[in-house]
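The values are calculated or read from the model by the stated rules, or taken from the named source; none is laboratory data. All values reported here derive from a predicted model rather than from experimental measurement. Quick reminder, even Gly has a Cβ in these numbers, built from the backbone with ideal geometry, and neighbours come from all protein chains shown.
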Amino acid sequence: MEHQQQGLRSIRHGALRQWLGVRTSETLLNANNRGQSDRRNHGGIDLDQKATTDPTMRQTLPKIAHCPVHPHLKCLLSLHSRRAYAGLNREHAMTAHLAAINGSYLTAECSSCNVRELCLSVGMSHTDTDRLSAIIPQPFKVKKGAALYRAGDPLRSLYAVRFGFFKTTISSQDGRDQLTGFQMSGELLGCDAISDNRHVCDAIALEDSEVCPIRFTHLERLSREMPSLQHNLNRALSKEIVRDHEMLLLLGNLNAEERMAAFLLNLSGRMTSRGYSATAFVLRMTREDIGSYLGLRLETICRAIANLRNLHIVSISGREVEILDLHRLQALIHGCSYRAKSL
């Protein structure tokens, strides 16, 4: 009897690996156990709720439960499929969902992405771009206000922002938050976890966004085989270092108006590189966020904006910004105009 039970368990585990794309049966079983106690909202989506509300998921789960496999597997999937979706992390759940539909990954199609020239695939050949696309699962959406990851989460992936806007924050031991950066389309999130394999900050969506998860272990392996990818990855990491250096310069040498000018010039340059207007754009962040990032109190931010408005350099109404005199705005920060591009 014991041998028969072991045989049935082997059949179940082997079939699960085949259908759900999970490397080991322990991963799925642990995920099932975690499902009831830890329903982390990865990417702003409760997967257990999505399984009952999303038409695609409702269609998929019955297909899994009634797939032409061993009858014991049917029973196991019928009882635990929703729990497995809730317990698996966001990328594994997407893997399972896509594998159940097609038996394979859907790729992000880097070659047709609108922000390809700002992402890891910039300057790569068509063949290399296809190889990079092959390790990127389907992009997923992150709702406004949701966390892509939290401080303390293990490093699983780097995230290329396909569209949308994020902010990253760190918390001090006494509970105070410090905003460390804003990320937009074509930029990478998650580099903070590379050194210790754990994230040190929270990444929060400032608007409905979409990201491409790039499994870091796969990225490391592929970059060893593709010098162009390794170069682009090094370049992205170097930009992080330069940004930190320029932020120290801004906080240590510029007054409130100069910091605000540098911030607006930074956004202007980034908008331009994405094909948008350099002089008219919408702020996705609040004034409190800007103050935290620039190291200024809210009232100081409001005064700096009022001064720039009185000088007829900018027009700011709510979150709508219009730069009236770009050259005068650049002149406010003297020799820091070049540096402002990388803040």
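Of the listed requirements (1) crowded, with 19+ Cβ neighbours inside 10 Å; (2) farther than 30 Å from R328 by Cα; (3) in the same structural domain as R150 (by TED's automatic domain parsing), L233 misses just one: (3). Under 8 Å between Cβ atoms, at least 6 apart or on separate chains: pull out the pairs that start in segment 299-311 with a residue that is surrounded by fewer than 19 Cβ atoms within 10 Å (Cβ to Cβ) and end on any residue that is of a type outside the set (G, A, S). Between residues of segment 299-311 that are surrounded by fewer than 19 Cβ atoms within 10 Å (Cβ to Cβ) and residues that are of a type outside the set (G, A, S), the close pairs are C302/R287; N307/E257; R309/I316; L311/R328.
Scanning segment 140-150 for residues that are crowded, with 21+ Cβ neighbours inside 10 Å and not hydroxyl-bearing (S, T, Y) turns up F140, V142, L148. Among the residues here, S228 qualifies as surrounded by fewer than 19 Cβ atoms within 10 Å (Cβ to Cβ), out of contact with any Pro (no Cβ under 9 Å at 6 or more places or on another chain) and either under 30 Å from L132 (Cα atoms) or at pLDDT 90 or above (or both). Selection of first residues in segment 258-282 that are closer than 20 Å to C302 by Cα and of second residues that are among the aromatic types (F, W, Y) and at pLDDT 95 or above, restricted to Cβ pairs under 7 Å at least 6 apart or on distinct chains, gives the following pairs, ordered by first then second residue: L267/F281. When you look at E322, is it in contact (Cβ under 8 Å) with a residue 12 or more places away in the chain, part of a strand (DSSP E or B), outside the structural domain of L158 (by TED's automatic domain parsing) and surrounded by fewer than 17 Cβ atoms within 10 Å (Cβ to Cβ), yes or no? Considered against the rule, which asks whether it is in contact (Cβ under 8 Å) with a residue 12 or more places away in the chain, part of a strand (DSSP E or B), outside the structural domain of L158 (by TED's automatic domain parsing) and surrounded by fewer than 17 Cβ atoms within 10 Å (Cβ to Cβ), E322 comes out as yes. For segment 254-267, filtered to residues that are of a type outside the set (A, V, I, L, M, F, W, C), surrounded by 14 or more Cβ atoms within 10 Å (Cβ to Cβ) and more than 22 Å from the chain's Cα centre (by Cα), the residue that is nearest to I316 (Cα to Cα) is E257.
Restricting attention to segment 325-335, the residues being free of Cβ contacts under 8 Å to residues at least 12 places away in the same chain and charged (D, E, K, R) number 0. The residue that is surrounded by the most Cβ atoms within 10 Å (Cβ to Cβ), counting only those in segment 162-186 that are in contact with a Cys (Cβ under 7 Å, 6 or more places away or on another chain) and either part of a strand (DSSP E or B) or among the aliphatic types (A, V, I, L, M) (or both), is T168.
Selection of segment 131-184 for residues being within 19 Å of R198 (Cβ to Cβ) and of a type in the set (V, I, T) yields T168, T169, I170, T180.
Could you please give the count of residues in segment 195-209 that are surrounded by fewer than 17 Cβ atoms within 10 Å (Cβ to Cβ) and either touching a strand residue (DSSP E or B) at 6+ places or on another chain (Cβ under 8 Å) or within 19 Å of M247 (Cβ to Cβ) (or both)? Adding up the residues that qualify gives 6. Are any of the residues in segment 218-230 among the small types (G, A, S), touching a residue at least 40 places away in the same chain (Cβ under 8 Å) and either closer than 30 Å to T272 by Cα or in the same structural domain as S292 (by TED's automatic domain parsing) (or both)? Yes, segment 218-230 contains at least one residue that is among the small types (G, A, S), touching a residue at least 40 places away in the same chain (Cβ under 8 Å) and either closer than 30 Å to T272 by Cα or in the same structural domain as S292 (by TED's automatic domain parsing) (or both). The set of residues in segment 151-161 being surrounded by 13 or more Cβ atoms within 10 Å (Cβ to Cβ) and not β-branched (V, I, T) consists of A151, D153, L155, R156, S157, L158, Y159, A160.
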